[in-house]
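What follows is a set of notes on a single structure, which appears directly below.
Every read-out reported here was derived from the displayed coordinates using simple, explicitly stated rules and does not represent laboratory data. Computed from a predicted model, the values in this text were never measured in an experiment. Neighbour counts are summed over all protein chains in view; Cβ atoms, including those assigned to glycine, are modelled from backbone coordinates with ideal geometry.
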Amino acid sequence: MRRRILYRGLILALLLPIAGQAWASRIIVTIDGLHGAQGNIFVGLYSNPRNFLNGNHCDKFIKVRANTAPVTVAFDNLQPGTYAVGAYHDENSNDHLDTNFLGLPTEGYALSNNVRAVLSRPEFHQAAFTVGNGDRPIGLHIQY
């Protein structure tokens, strides 16, 4: 019995550091530039080029109340890899990014690497950045 407990304890002690290191990354996103405090801010995290800016297909999202002061959110327990983030100011609280008849946003938004939609939808590789172990700060400035 005592040997079994020691054996389980040894296995647990060997596995915990491995599991902790594999998921130790965090992306800390600070959003500024909102021209009003009405509505919400949606922040999405993408790790797959096929899902980038494709409806509600982000890996994770965070919804917070809008504020004219900078707002910070964090995506925790991530694997090291390539990611992109985007945020938009949902001023009318309808839970989606409003667009005009051409499909261009009518609400403020921002993407990592300061990518903007000009003639077409931005691509993942334009907004992508690498995350290693530890914290990766990202700043997004909402533009209208």
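Among 84-93, 32-41, how do they line up by average Cβ neighbours within 10 Å per residue, starting with the highest?
Top of the packing list down: 84-93, 32-41.
Picking from Thr82, Phe52, Val115, whose Cα lies most toward the positive end of the charge dipole for region 32-132 (charges on Cβ: Lys, Arg +1; Asp, Glu -1)?
Thr82
Which whole-number percent is the relative contact order of region 65-144 (Cα, under 8 Å, 6+ apart)?
Working: 99 pairs, mean separation 27.9, N = 80.
Reported relative contact order: 35 percent.
Tell me, what HN-Hα J-couplings in whole Hz come from the Karplus equation 6.51 cos²θ - 1.76 cosθ + 1.60 at θ = phi - 60° for each residue of region 94-110, using x for Gly and Pro?
Once θ is set to phi - 60°, the couplings for region 94-110 become 9, 6, 7, 7, 6, 10, 8, 5, 8, x, 7, x, 9, 10, x, 8, 8 Hz.
Going by the alpha-carbon gyration tensor, a ≥ b ≥ c the square roots of its eigenvalues, is region 58-132 rounded (a/c under 1.5) or, if a/c is not under 1.5, prolate (a/b greater than b/c) versus oblate? Present the calculation step by step, with values, prior to reporting the outcome.
On the way: a/c = 2.14, a/b = 1.23, b/c = 1.74.
Oblate.
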